[in-house]
Amino acid sequence: MEENRREWMRAIEQTFVVRNPKQKLATFGSTTISYYVVTEPIYQEMAPGEEEGVIRTGKVVAARPAVVTPTYALNLQGFSPEAYEYLRHLAREYGPGSPGILYQYSNEADKIEIVKGSPSEIAERISKDLELRQENLSVVMVGVDELWDIALLKFMYEFTSSSARQNVQELQGQGLLDAQPHLGGVPRAAAHQIERLFIEVEQGANPDLLKRELDRWGLFGYYETRFLNLFRKHL
């Protein structure tokens, strides 16, 4: 365990961004970021001579930021026990209905290429090319070969943090974080999402998705009659 920690700490220390995207994460839509992670090949030390670098490319897709509360997040699956304890702490500290935003990412790896030059030189060349092509949603990083995805995770964390304030301000500007007293105080964004799901179910979508969303927000009691009427219409 300690050895693994030392390895990823080393990867973080040796990871740096050469070129950041020119735009922040979109508040009201998904964002696709092209990445270029350049590393020194793991075999370089065993084959000294002309320098080479490994370029890994792909896309990180950031879904539209979702408005959540500590209570809602506690009903999601996939977090560690420590994360759930932190969510309970937030609920105690700020209230179970205090709004925040949740970012979800997917990584779509593309290809691996080996080229001549040091990682820093290669990264600079890629960056200059992206500037000429005005690729505003691309990032270039230098990382550690065997732990290259640490570079990607580090970037995602920092990029999310830099976008969060703008995203929250835009959501507040639209009133989407405002509590809805007639629905137990959930944010307006949750009410909008549930309305969208009702429309989708009426058009043939899976009602299980709507039921899960209602349960996560603790709102099934508010919508029970309307939900059951979806099935009565087809009797």
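The values are calculated or read from the model by the stated rules, or taken from the named source; none is laboratory data. Everything numeric here is computed off the predicted structure, so don't read it as measured data. Using ideal geometry, Cβ is built from the backbone for each residue, glycine included, and neighbour counts are taken over all protein chains shown.
Among the residues of segment 46-90, the ones that are more than 18 Å from the chain's Cα centre (by Cα), assigned to a helix (DSSP H, G or I) and either in contact (Cβ under 8 Å) with a residue 60 or more places away in the chain or in the same structural domain as R188 (by TED's automatic domain parsing) (or both) come to 1 in all.
Of the listed requirements (1) closer than 30 Å to G184 by Cβ; (2) in contact with a strand residue (DSSP E or B) (Cβ under 8 Å, 6 or more places away or on another chain); (3) charged (D, E, K, R), E50 misses just one: (1).
Any idea which residue in segment 114-166 is surrounded by the most Cβ atoms within 10 Å (Cβ to Cβ), counting only those that are of a type in the set (S, T, N, Q) and part of a helix (DSSP H, G or I)?
Our first condition is that a residue be of a type in the set (S, T, N, Q); within segment 114-166, this holds for 118, 120, 127, 134, 136, 138, 160-163, 166.
Imposing the further condition that a residue be part of a helix (DSSP H, G or I) reduces the set to 120, 127, 160-163, 166.
Working: S120: 15, S127: 19, T160: 17, S161: 10, S162: 13, S163: 21, Q166: 13.
Filtering first and then ranking leaves S163.
Suppose the filter is exposed (fewer than 14 other Cβ atoms within 10 Å of the Cβ), in a loop (DSSP other than H, G, I, E, B) and either at negative phi or not assigned by TED's automatic domain parsing to the domain that holds L214 (or both); does N107 pass it?
On the way: exposed (fewer than 14 other Cβ atoms within 10 Å of the Cβ): yes; in a loop (DSSP other than H, G, I, E, B): no; either at negative phi or not assigned by TED's automatic domain parsing to the domain that holds L214 (or both): yes.
Against the criterion (exposed (fewer than 14 other Cβ atoms within 10 Å of the Cβ), in a loop (DSSP other than H, G, I, E, B) and either at negative phi or not assigned by TED's automatic domain parsing to the domain that holds L214 (or both)), N107 does not qualify.
Assess whether G175 counts as being small (G, A, S) and in a loop (DSSP other than H, G, I, E, B). The answer is yes for G175. Just a yes or no: is a residue in segment 200-219 among the polar types (S, T, N, Q), more than 20 Å from G95 (Cβ to Cβ), out of contact with any strand residue (DSSP E or B) (no Cβ under 6 Å at 6 or more places or on another chain) and assigned to a loop (DSSP other than H, G, I, E, B)? Yes, because at least one residue in segment 200-219 is among the polar types (S, T, N, Q), more than 20 Å from G95 (Cβ to Cβ), out of contact with any strand residue (DSSP E or B) (no Cβ under 6 Å at 6 or more places or on another chain) and assigned to a loop (DSSP other than H, G, I, E, B). A residue that is assigned to a helix (DSSP H, G or I), modelled with pLDDT of 95 or more and closer than 30 Å to K24 by Cα occurs somewhere in segment 181-189.
Every test in (1) surrounded by 13 or more Cβ atoms within 10 Å (Cβ to Cβ); (2) of a type in the set (S, T, N, Q); (3) farther than 30 Å from T69 by Cβ is passed by S98 save one, and that test is (3).
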